[in-house]
Amino acid sequence: MSKLANKVAVITGSTRGIGAAIAREMAREGARVVISGRNQTRLQDMQKELEGLGAEVLAVPADVSKMDDAKNLIEKTLEKFERIDILVNNAGITRDNLLMRMSEQEWDEVINTNLKGTFNCIKAATRQLMRQRYGRIINITSVVGLQGNAGQVNYAASKAGIIGLTKSVARELASRHVTCNAVAPGFIETDMTAALDEKIVEELKKQIPLSRLGQPEDVAKMVVFLASDDASYITGQVFNVDGGMVM
Ligand code: NDP
């Protein structure tokens, strides 16, 4: 039996990396998927790929840092599928720099995409989720939001902010049977981490008890679990998917 049969899942930042893996895994589990991102070409390629898996797919271009785009993403979803069961806030960026060198723009871009983008999409979807008296919100944070990281004050603050937002939304929406949880990946092999120096990667591996980098699918499996009916008694929690890096 498919874990997400007929569920409607909106996944932000699903043109590549972890978001794309979540969309694939959800499609395989029978969900109708709404994919989204800024790059239209990648969006179209992804749509074809998912349709090849037999899924019903809607592709909506959106920059989550803009409230109007978030609203449009949810409106287009409702026009086509008439409901939203799952919202995965995955879109995220880094603009790393030491605090002393970090520009206001680097701070703003990361906060606006990662933290405000998550708020925008939840805000746009909430009325519908409450009306349905059903919903699963899953926010992608990071172990960096728990531990902090030199060179990432903007990113760590955005990801820590997502944790506070997750717990508050969980409390606000629980009475309507809408759950809200966060997943904190460790070091996952995607475009985001591809630019890191090999030496740094080897050093990082030493801090991972399972001594390998994570794959996007490792995160996707946790997200599917939280979106499934098996997770109906879980809300306001943060789940690390990090090979044991933080414990
Ligand atoms: P990638 O850089 O590989 O992919 C990022 C995705 O987000 C792309 O699909 C991109 O699409 C989309 N995106 C970026 N900015 C926006 C925006 N303003 N509006 C809409 N979509 C946007 O990153 P990952 O897959 O590695 O990361 C996914 C999430 O996981 C992020 O939130 C990241 O912080 C988090 N994470 C990743 C870790 C890792 O080690 N990789 C570790 C911990 C957390 P497009 O370019 O088409 O807009």
Please work out which one of (1) under 17 Å from Lys116 (Cβ atoms); (2) more than 15 Å from the ligand (Cβ to nearest atom) is the condition Lys71 fails and give its number.
(2)
Where the second residue is away from the ligand (no atom under 12 Å from the Cβ) and assigned to a helix (DSSP H, G or I) and the first is of a type in the set (Phe, Trp, Tyr) and lies in segment 212-233, which pairs have Cβ atoms under 9 Å and are six or more apart or on separate chains?
Phe225/Ala231
Just need a number here: residues in segment 144-162 that are among the β-branched types (Val, Ile, Thr) and surrounded by 20 or more Cβ atoms within 10 Å (Cβ to Cβ).
2
Write out, first by first residue and then by second, each pair whose Cβ atoms fall under 7 Å of each other, whose residues are 6+ apart or on separate chains, and whose first residue, in segment 70-99, is touching a residue at least 12 places away in the same chain (Cβ under 8 Å) and farther than 16 Å from Ile137 by Cα while the second is of a type in the set (Asp, Glu) and in a helix (DSSP H, G or I).
Ile93/Glu109; Arg95/Glu106; Arg95/Glu109; Asn97/Glu106
Any chance Ala9 is buried (at least 24 other Cβ atoms within 10 Å of the Cβ) and within 11 Å of the ligand (Cβ to nearest atom):
no
Options Leu165, Leu129, Leu173: the member that is surrounded by 16 or more Cβ atoms within 10 Å (Cβ to Cβ), at pLDDT 95 or above, more than 11 Å from the ligand (Cβ to nearest atom) and closer than 15 Å to Thr113 by Cα:
Leu165
Residue that is farthest from the ligand (Cβ to nearest atom) [pool: residues in segment 12-57 that are surrounded by 18 or more Cβ atoms within 10 Å (Cβ to Cβ) and either modelled with pLDDT under 95 or among the acidic types (Asp, Glu) (or both)]
Glu29
Condition set in a helix (DSSP H, G or I) and more than 20 Å from Leu196 (Cβ to Cβ), scope segment 89-108, selection nearest to the ligand (Cβ to nearest atom): answer is Asp108
Which listed residue is crowded, with 22+ Cβ neighbours inside 10 Å, within 14 Å of the ligand (Cβ to nearest atom) and not basic (Lys, Arg), from Cys180, Cys121
Cys121
Kindly list the number of the only condition in (1) surrounded by fewer than 18 Cβ atoms within 10 Å (Cβ to Cβ); (2) part of a strand (DSSP E or B) that fails for Asn139.
(1)
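The values are calculated or read from the model by the stated rules, or taken from the named source; none is laboratory data. Note that the structure is a prediction, hence the values are computed from the model and not measured. Glycine also receives a Cβ, built like all others from the backbone with ideal geometry; neighbour counts cover every protein chain displayed.
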